[in-house]
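For reference, the structure is listed below as structure tokens.
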Amino acid sequence: MAQAAVDISLDAIRANVAHLVSGTDAAVMAVVKGDGYGHGMLESARAAISGGATWLGVCTLDEALDLRDGGITAPVLAWLLAPGLPLHLAIEADIDLSASSAGLLAEIVGSARAAGRPARVHLKVDTGLGRGGAATADWPVLAEAAAKAQVDGSVEVVGVWSHLARADEPGHESIDRQLGMFGDALDRAHRLGINPTYRHIANSAAALTRPDTHLDLVRTGIAVYGLSPVPGRDFGLRPAMTVRATVILTKRVPAGHGVSYGHTYVTERDATLAVVPLGYADGVPRAASSAGPVWLAGKTRRIAGRVCMDQIVVDCGDDEVRAGDEAILFGPGDLGEPTADDWAAAAGTINYEIVTRFHSARVPRRYV
Ligand SMILES: *Cc1c(COP(=O)(O)O)cnc(C)c1O
């Protein structure tokens, strides 16, 4: 029996994807980067496919190759590629590659020649995020090089794509502005002979709030795992991750007792303290010291004092709590337990970061 575990509901992932599929005419890509946002890449990918996703999205070449090694045959797009990678491995494994620069496109062309077959490419344009994608000024050069490589038979331009900066703020004017820029980039590419099957710009937030962004494909990540991409808005998704641990020690201490490193928390009255064996090595954010909520003996309590590497302490007041009791850090909320959103608020971050952190080798992930 594990004294701490991360439980993943594959049914929840399947149902969330089915919900996303039912809400769009576009193809649904399940984004499984970052070890499936902490839920396990392969298991999440398989559950997403059974829920109706027809594409998978990852960042790195290694993530994409791991999907293929895991027996997954669905189309996979990898979009975060450093210069000098063995891209022929991707081409041989039928992995789609994103190109944001003429330099990377040239590498893809060289690798396609080495592989003896065309590479499947998605050209990425920066429509305002200011991160990946070709700058507006560089787009015609990239598109032209891709058109030429397509005529030469070394690439097939499968997609043209971009990413939104503020889709989590529905109604924000930047969304319209980026869509307009994307349309311009597509027109430009079209005039150069690029007619992609897949035009894509929507993430989870856009998939759930802006049907006009869906185009041919939506790239949904956080929604697949049942969390809301728009803080405070409920889209009827089911959180897939529950983090639990067994209380390993309880004790009575008098009022005025310092708790954990630095004594940043001091008991106000006599209290029962419970020691829970999860810490920042396991994903508990240290920023949630004296703030993170823990469900224990039927109610939500707060972490007392600093989060340590391996453990946290919970002040249970005068309640009956014993070693062996189960503590839940967060889950879907069915019992009234905290959610990843509650943890995000307590730690000053976003739900994405909370779930992605829980991937410690010593905390088993269990599929339920
Ligand atoms: C991570 C990522 C996504 C998924 O974003 P969510 O907000 O989790 O839906 C989509 N596209 C790109 C380029 C990404 O990096």
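The values are calculated or read from the model by the stated rules, or taken from the named source; none is laboratory data. Since the model is a prediction, treat every value here as computed from it, not as a measurement. Glycine also receives a Cβ, built like all others from the backbone with ideal geometry; neighbour counts cover every protein chain displayed. Areas reflect the complete protein model, heavy atoms only, side chains present, ligands, DNA and RNA absent. Shrake-Rupley method; radii C 1.70, N 1.55, O 1.52, S 1.80 Å.
If you average 1/r over all unlike Cα pairs in the stretch 169-229 and invert the result, what Kirkwood radius do you get in angstrom? Don't jump to the answer; show the numbers that get you there.
Working: mean 1/r = 0.0798 Å⁻¹.
In the stretch 169-229 this quantity evaluates to 12.5 Å.
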Review point. What percent does the relative contact order of the chain come to when contacts are Cα pairs within less than 8 Å and at least six residues apart?
Key: 17
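For the stretch 10-224, just run the numbers: alpha carbon Rg, then divide by 2.2 N^0.38 Å, N being how many residues it has. Please report the intermediate quantities before stating the final value.
Working: Rg = 16.4 Å, N = 215, 2.2 N^0.38 = 16.9 Å.
Cα-based Rg divided by the globular estimate yields 0.97.
Starting from the Cα coordinates of the chain, work out the convex hull volume and express it per residue in Å³. All intermediate terms of the calculation are to be shown ahead of the outcome.
Numbers: hull volume 50.3 nm³, N = 368.
So the per-residue hull volume is 137 Å³.
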Study note, to complete from the structure: Ranked output for segments 136-145, 35-44, 2-11, 165-174 by mean other Cβ atoms within 10 Å, highest leading, reads 35-44, 2-11, 136-145, 165-174
Check your understanding: Relative contact order for the stretch 247-365 using alpha-carbon pairs under 8 Å, separation at least 6, rounded to a whole percent?
Key -> 27
Practice item. Write down the Å³ per residue value for the convex hull defined by the alpha carbon atoms of the stretch 78-125. Key: 60
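Net charge near residue 49: determine it from the other residues with C-beta under 12 Å of the C-beta of residue 49, scoring Lys and Arg +1 and Asp and Glu -1. Don't jump to the answer; show the numbers that get you there.
Values: positive: 14, 46; negative: 43.
Local charge sum for residue 49: +1.
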Check your understanding: Taking the mean number of other Cβ atoms within 10 Å as a proxy for protection, how do you rank 12-20, 208-216, 83-91 from highest to lowest?
Key -> 12-20, 208-216, 83-91
Exercise for review: Could you run the Karplus curve 6.51 cos²θ - 1.76 cosθ + 1.60 with θ = phi - 60° over the stretch 128-135 and give me ³J(HN,Hα) per residue in whole Hz, x for Gly and Pro?
Suggested key: x, 5, x, 10, x, x, 6, 4
Point to revise | Expected-Rg normalisation [2.2 N^0.38 Å, Cα atoms] applied to the stretch 28-137 | key: 1.07
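Are there DSSP H segments in the chain that both extend 15 Å or more along their axis (alpha-carbon positions) and score a mean Kyte-Doolittle hydropathy of at least -0.5? List them, or say none. Kindly include the intermediate steps, with their values, before the conclusion.
Numbers: long enough: 10-22 (18 Å, 0.80); 102-115 (19 Å, 1.12); 139-152 (20 Å, 0.31); 173-191 (28 Å, -0.81).
Membrane-span-like by this criterion, though nothing is claimed about a membrane: 10-22, 102-115, 139-152.
Per residue, how large is the accessible surface of the stretch 241-367? Use a 1.4 angstrom probe and give square angstrom.
Details: 5740 Å² over 127 residues.
Solvent-accessible surface per residue comes out at 45 Å².
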Revision key, fill the gap. Looks like the stretch 1-40, by Cα gyration tensor root eigenvalues a ≥ b ≥ c and the a/c under 1.5 rounded cutoff (else prolate when a/b is bigger than b/c, oblate otherwise), is oblate
Exercise for review: Using a 10 Å cut-off on Cβ atoms, rank the peptides 227-238, 109-120 from the highest mean neighbour count down.
Suggested key: 109-120, 227-238
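Assuming R0 = 41 Å, what is the FRET efficiency of residue 366 and residue 191, from their Cβ-Cβ distance, to the nearest 0.05?
0.15
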Point to revise | Helix-only [θ]222 nm of the chain, DSSP H runs n ≥ 4, -39500 (n - 2.57) each, per residue, nearest 500 | key: -9000 deg cm²/dmol
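Can you pull the percent of the chain's accessible area that's carbon plus sulfur, 1.4 Å probe, other chains left in place? Mind dumping the intermediate values first?
Values: 7790 of 15320 Å².
After summing per-atom areas, the C and S share lands at 51 percent.
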